[in-house]
Amino acid sequence: MNEDDVKNILGLQLPTDPRWVNLASISLEGILTDHAYCEQKAATTCITLIQRYSDKEKLVTELAPIVSEEWGHFRLVLAELQKRGLKLGKQRKDIYVNKLLEFQKKGGSPEERFLDQLLTMALIEARSCERFKRLSEGLDDAYLSKFYRRFMESEAGHYTLFIELAETYIDRDKVRKRWAEWLAFEAEVMRSTEVRGDRIH
């Protein structure tokens, strides 16, 4: 996936530093542990959105199966760790996600806060998909390459789902304008964040 593909397919403005896959390949226990917790957090965040916005029928209907899918992914990664004789380590601070959370509007209207929650998820899913593709193409371990190819294919549509949900409840022009702001901010986060091989983000 080259820089144009990252922009055209996922909307991301900055591709992952090529060094990341090399670092990840020598930190398999770390990257698998972090991946497992990312899947777990994706499932629990969807549950939180369902609970918080239970009056939004389309959101509830669309996110319910995502909860099951993400939890299934957690179990797959956990099984891969166990198969390789590796341990599920402790959950670590996710600097990338925390920086995104800081960009969410805290004092705006309920609609603005709702929009930022959905767009935060869209960005995390887009970046995760790009990272999975990097792993599928850059790892020397043939099995893990296929393993991450499946994750990439499975998660490819998740980021667009969150944008579509936003456009279901909020004016499309408003969504697109805020999405452009999020993409610009995320690029700056990627430029300023240390490249870590034991982190998905």
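Being buried (at least 18 other Cβ atoms within 10 Å of the Cβ), among the aliphatic types (A, V, I, L, M) and either touching a helix residue (DSSP H, G or I) at 6+ places or on another chain (Cβ under 6 Å) or within 13 Å of residue 199 (Cα to Cα) (or both) narrows it down to one of 23, 81, so name that one.
Among 23, 81, only 81 is buried (at least 18 other Cβ atoms within 10 Å of the Cβ), among the aliphatic types (A, V, I, L, M) and either touching a helix residue (DSSP H, G or I) at 6+ places or on another chain (Cβ under 6 Å) or within 13 Å of residue 199 (Cα to Cα) (or both).
Pull out all pairs, ordered by first then second residue, where Cβ-Cβ is under 8 Å, the residues are six or more apart or on different chains, the first lies in the stretch 184-195 and is more than 18 Å from residue 18 (Cβ to Cβ), and the second is among the aliphatic types (A, V, I, L, M) and not in a helix (DSSP H, G or I).
Every condition considered, the pairs that remain are 186/12; 186/14.
Run down 176, 113, 150 and say which single residue is under 18 Å from the mean Cα position of the chain (by Cα), within 27 Å of residue 65 (Cβ to Cβ), surrounded by fewer than 20 Cβ atoms within 10 Å (Cβ to Cβ) and without any contact (Cβ under 8 Å) to a residue 12 or more places away in the chain.
After applying the criteria, what remains is 150.
Out of 93, 41, report the one residue that is under 23 Å from residue 133 (Cβ atoms), under 17 Å from the mean Cα position of the chain (by Cα) and among the basic types (Lys, Arg). Walk me through how you get there before you give the answer.
Details: 93 fails: under 23 Å from residue 133 (Cβ atoms).
It is 41.
Considering each residue of the stretch 179-201, count those that are of a type outside the set (Gly, Ala, Ser), in a helix (DSSP H, G or I) and exposed (fewer than 15 other Cβ atoms within 10 Å of the Cβ), and give that number.
Selection size over the stretch 179-201: 3.
So which residues in the stretch 42-74 are of a type in the set (Lys, Arg), surrounded by fewer than 17 Cβ atoms within 10 Å (Cβ to Cβ) and either touching a residue at least 24 places away in the same chain (Cβ under 8 Å) or within 15 Å of residue 124 (Cβ to Cβ) (or both), if there are any at all?
Answer for the stretch 42-74, where residues must be of a type in the set (Lys, Arg), surrounded by fewer than 17 Cβ atoms within 10 Å (Cβ to Cβ) and either touching a residue at least 24 places away in the same chain (Cβ under 8 Å) or within 15 Å of residue 124 (Cβ to Cβ) (or both): just 58.
Just name the residue that is nearest to the chain's Cα centre (by Cα) out of those in the stretch 135-147 that are buried (at least 20 other Cβ atoms within 10 Å of the Cβ) and within 23 Å of residue 187 (Cα to Cα).
Result: 135.
No value in this document is a laboratory result; all are computed from the given coordinates. Remember, predicted model here, so these are calculated numbers, not experimental data. Quick reminder, even Gly has a Cβ in these numbers, built from the backbone with ideal geometry, and neighbours come from all protein chains shown.
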